[in-house]
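Have a look at the structure below before the remarks.
The values are calculated or read from the model by the stated rules, or taken from the named source; none is laboratory data. Owing to the predicted nature of the structure, the values given are computational and were not obtained by experimental measurement. Here the Cβ positions follow ideal geometry from the backbone for every residue, glycine too, while neighbour counts run over all protein chains shown.
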Amino acid sequence: MFPCEDKNRSKIRRQYESQFTDSAELVDGSVEFLETLGKTASNFSEETRAFLIGTFAREIRRFRSINLLCEFGLTENAEILTRSGFEGLMSLHYVLGIRVPDDEISNDLKNRIRSLPEFPKDISKFDFRVALYLAKEAQTYLKVFPDDGDKRKDEINYLKELVGQVGEQWKKTIKDTKTYSGLNIRQLAEYCKLTDIYEEIYPLLCNVSHAGDASRFVGRNDDSEIVIKLVTDHTKIPPVLELSSLMLLKIVSAMEIGFDLVAPEVFGRFLQDRLPPS
């Protein structure tokens with residue numbers, strides 16, 4: 001336990017009580033909605049349905065983790081998860097086809113899309129986008145944990161099958177770009193109608209995520225002695241909670257669209273206050 005951890009946590013909870021209360025309501029509402037989704041039929045294939053529900057569950061867990069980190073004043077770690085949450089939001093928009101209209105696409109994105117392989121005609125776009133995502137994950141896993149004989153034979157064969165599902169052209173695209181979409185992060189944000197959030201938070205949080213912020217954790221006192229800062233700037237807690245809440249709300253909105261359902265009533269005021277009309 002860090003020095004004064006409990007004392008700091010109590011102080012933070014008191015100081016930002018309303019923000020933590022709102023976040024707790026969002027978590028409860030998300031869990032309720034997740035349970036509804038798990039019991040509701042959809043027009044998606046079982047694999048795509050499982051992917052969407054699993055992604056939503058992951059993002060609820062991530063949001064809860066952000067809240068706990070903020071409670072303990074570990075805001076830099078919460079910022080890293082906030083950045084990861086944005087990537088999760090993009091993956092949902094991409095799979096669900098929530099995208100920018102053709103007449104609003106920049107020339108850069110338009111040219112990049114034209115250069116990508118076509119989607120196959122004998123599989124739904126939802127299913128193929130999930131296959132691309134899973135193939136990217138499988139390709140990365142196979143690179144990090146190569147075949148080691150019979151010990152993981154079934155697992156390795158399954159991962160290779162996932163990669164093979166997307167065809168040779170997309171397999172090469174995933175390998176060359178190191179992405180499931182063939183788009184860089186800025187292009188994917190534009191494609192998924194998330195340029196506003198990308199420009200607001202992504203570059204800002206990259207420094208934290210790539211461990212370029214060591215100066216935050218050390219300083220000097222009046223005697224020029226090094227002072228270690230295990231718990232840092234509490235004033236960053238509100239914007240972190242605000243940004244992570246915004247992303248969770250956008251995820252809930254995407255799931256409403258995808259499954260043609262209405263989220264629990266608790267989301268009503270949050271969606272009205274924080275999300276502009278689509």
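Here is how the numbers come out for the structure above:
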{"item": "Flag for A189 being modelled with pLDDT of 80 or more and part of a helix (DSSP H, G or I)", "result": "yes"}
{"item": "Cβ pairs under 9 Å, 6+ apart, first in the stretch 162-173 and closer than 11 Å to E118 by Cβ, second charged (D, E, K, R) and surrounded by fewer than 16 Cβ atoms within 10 Å (Cβ to Cβ)", "result": "Q169/E118"}
{"item": "Positions within the stretch 247-278 being aliphatic (A, V, I, L, M), at pLDDT below 90 and surrounded by 20 or more Cβ atoms within 10 Å (Cβ to Cβ), in sequence order", "result": "A263"}
{"item": "Segments classed as helices (runs of 4 or more DSSP H), wholly inside the stretch 1-83, with at least 3 members that are among the aliphatic types (A, V, I, L, M), crowded, with 20+ Cβ neighbours inside 10 Å and within 21 Å of the chain's Cα centre (by Cα)", "result": "46-71"}
{"item": "Residue check, T82 touching a residue at least 24 places away in the same chain (Cβ under 8 Å) and of a type in the set (S, T, N, Q)", "result": "yes"}
{"item": "Selection within the stretch 38-67 - aliphatic (A, V, I, L, M) and modelled with pLDDT of 95 or more", "result": "L52, I53, A57, I60, I66"}
{"item": "Residue among D122, D103, D127 that is acidic (D, E), in a helix (DSSP H, G or I), more than 22 Å from the chain's Cα centre (by Cα) and under 30 Å from D260 (Cβ atoms)", "result": "D103"}
